[in-house]
Each structure stands twice: as C-alpha cells, then as structure tokens.
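Below is one structure, written out as structure tokens; the observations come after it.
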Amino acid sequence: LRLVGSEMCIRDRDTSKQNTASKILDALTSDIIQGVFPPGEKLQIKTLKDRYKVGTSPIREALSQLIAKDLVVSENQKGFYVSNISIDDLTDIYQARSKIEGLCLDMAIKKGGDFWESKIIAASHLLAKYSKSENIDMDEWQNRHFSFHEALVSGCNSPRLFQIRQSLYEKSTRYRNLWLQENVTNYERLQANQNEHVALMVLVLERDSIPAQKLIEAHIMTPVEIIKKNLNKA
C-alpha cells in the first residue's frame, strides 16, 4: 500500500512538472509571436524566471522546445536568442502556409459533413458582423478571423496536417502583426478581405474544390507584399 501511495505521489509530481512546463511553453511562445520579445533579443534566464514565476528547469525545457519550433536559437557560450526575421523567411513561411491551407481545405471539402458546414456559416456570420463595426478591436477581429479559417479546414480531420499548419501559423504571426494594423484600420482593405471570406465560404459550401484552393492560397499570400515594405522600412 505504501508503495502504491509512493508511486501515486511520484506520478502527481511528474504531472505537475509537465503542466508547469507546458504552461511556460505556451506563455513564452505567445510572448515571442506577439512581439513581447522581439526578433534577435537575448532571452535571459533570470528575466524569464522573474516574468513567469518558475525555476530554471521549466524555462530551459521551454527554450529547448522553442528551438525545435524555430522560434529560438541557441548560440554556443552566449545563450538563447529570439530567431530573427527576414524577407526570405517570410516568403518561405507564407508559401508553405498557403499550400498546406489549400491541401487541408481540399480534404475538408471531400470529407466534411453537415456539422462542418454549419460551423463555417456561423463563423462567417460572426466575422462579417464584426467587420462592419465602427470601432474594431484588433484582438477581437483576430479571434473571429482565426475561428473562420479554423472552421474552413476543420473537416480535414488530419492531426498531422493540423500540427504542421499550427507550426506555420505560429511562425507567420510574428510577420502578420506587421500587416494587421494597416489592414484592419483600412476600410477598403478590410472590405476586400471580407469579400474574399464570403467567396471562400460560397465555394466551400458548393464543394468547388479547385477554385476554393486557388482562392485560399492567394488569400494567405495577400499580406506578403505589405509586410515586405514594412520590413524594408525597419
């Protein structure tokens, strides 16, 4: 009985450590892609410990996983740094994203059912309604925009593709923030963006796969030229 109790305590401690490490990974990932820690910045262990209120081990574990995600680099004897951004990296990420998004959408069109269609209609309505607001909160718009695109591909039902898609989305977010403010606050751009969303919904519900794929790929690539201009200004 004592042995069983000891094993349970060990498992509880291991679970607690895993939960802490997971929370730190999520928090640090979010802070990097939202620009709290800008590209090229050195990530001081002490600073991270103070910010997230944890010890050294979960911080180092999170940093190791972020290296695998290409969001952090480690320089020998110098420490950890946020990965830099570049026009070549921007183009590569967005081209990969557009192809993966097109593939996921094609599979969703072939496999999705009535419930999938209803999710798309609901998400489209919420996004379209908010896009007509006089005062648009960027975070709220992003949430609704993200939900719409999630709904489009949700019928794909491929965990592996979703994993790749999420990784590319995280990498692109650091660049996307350079475009988002200009897009959401510009009425003409916002309307053009919203018109594409409506066209996507119609094509998907009609199960018109090839035009839907072409449109989603072009839609994903839309921010690239604007972001390039902002990078060249920096």
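Data overview
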item	result
Any hit, the stretch 140-147, residues being modelled with pLDDT under 95, open to solvent by 30 Å² or more (accessible area, probe 1.4 Å) and over 23 Å from Ile100 (Cβ atoms)	yes
Residue match in the stretch 184-192 (condition: in a helix (DSSP H, G or I), open to solvent by less than 30 Å² (accessible area, probe 1.4 Å) and over 21 Å from Asp92 (Cα atoms))	yes
Subset tally (residues that are free of Cβ contacts under 8 Å to residues at least 12 places away in the same chain and touching a helix residue (DSSP H, G or I) at 6+ places or on another chain (Cβ under 6 Å)) for the stretch 182-207	1
Unique match (being more than 30 Å from Leu25 (Cβ to Cβ) and in contact (Cβ under 8 Å) with a residue 40 or more places away in the chain) among Ile210, Ile216, Ile220, Ile226	Ile226
Residue within the stretch 117-130 that is open to solvent by less than 20 Å² (accessible area, probe 1.4 Å), within 30 Å of Ser86 (Cα to Cα) and in contact with a helix residue (DSSP H, G or I) (Cβ under 7 Å, 6 or more places away or on another chain) present	no
Filter result (free of Cβ contacts under 8 Å to residues at least 60 places away in the same chain and in a helix (DSSP H, G or I)) within the stretch 113-125	Asp114, Phe115, Trp116, Ser118, Lys119, Ala122, Ala123, His125
Which numbered condition Thr47 misses (of (1) in a helix (DSSP H, G or I); (2) polar (S, T, N, Q); (3) under 28 Å from His149 (Cβ atoms))	(3)
Unmet requirement for Lys110, which otherwise passes all of (1) over 30 Å from Val204 (Cβ atoms); (2) modelled with pLDDT of 85 or more; (3) in a helix (DSSP H, G or I)	(1)
Residue list for the stretch 63-107, restricted to those being touching a strand residue (DSSP E or B) at 6+ places or on another chain (Cβ under 9 Å), part of a helix (DSSP H, G or I) and either among the hydroxyl-bearing types (Ser, Thr, Tyr) or open to solvent by less than 50 Å² (accessible area, probe 1.4 Å) (or both)	Leu63, Ser64, Leu66
Lone qualifier among Val224, Val204 - being surrounded by 14 or more Cβ atoms within 10 Å (Cβ to Cβ), more than 14 Å from the chain's Cα centre (by Cα), more than 29 Å from Phe115 (Cβ to Cβ) and at pLDDT 85 or above	Val224
So Tyr169, is it aromatic (Phe, Trp, Tyr) and surrounded by fewer than 21 Cβ atoms within 10 Å (Cβ to Cβ)	yes
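The values are calculated or read from the model by the stated rules, or taken from the named source; none is laboratory data. Keep in mind that what you see is a predicted model, and the values were worked out from it rather than measured. Here the Cβ is made from the backbone with ideal geometry for all residues, glycine too, and neighbour counts use every protein chain on show. Side chains included, ligands, DNA and RNA excluded: accessible areas come from the protein's heavy atoms. Shrake-Rupley method; radii C 1.70, N 1.55, O 1.52, S 1.80 Å.
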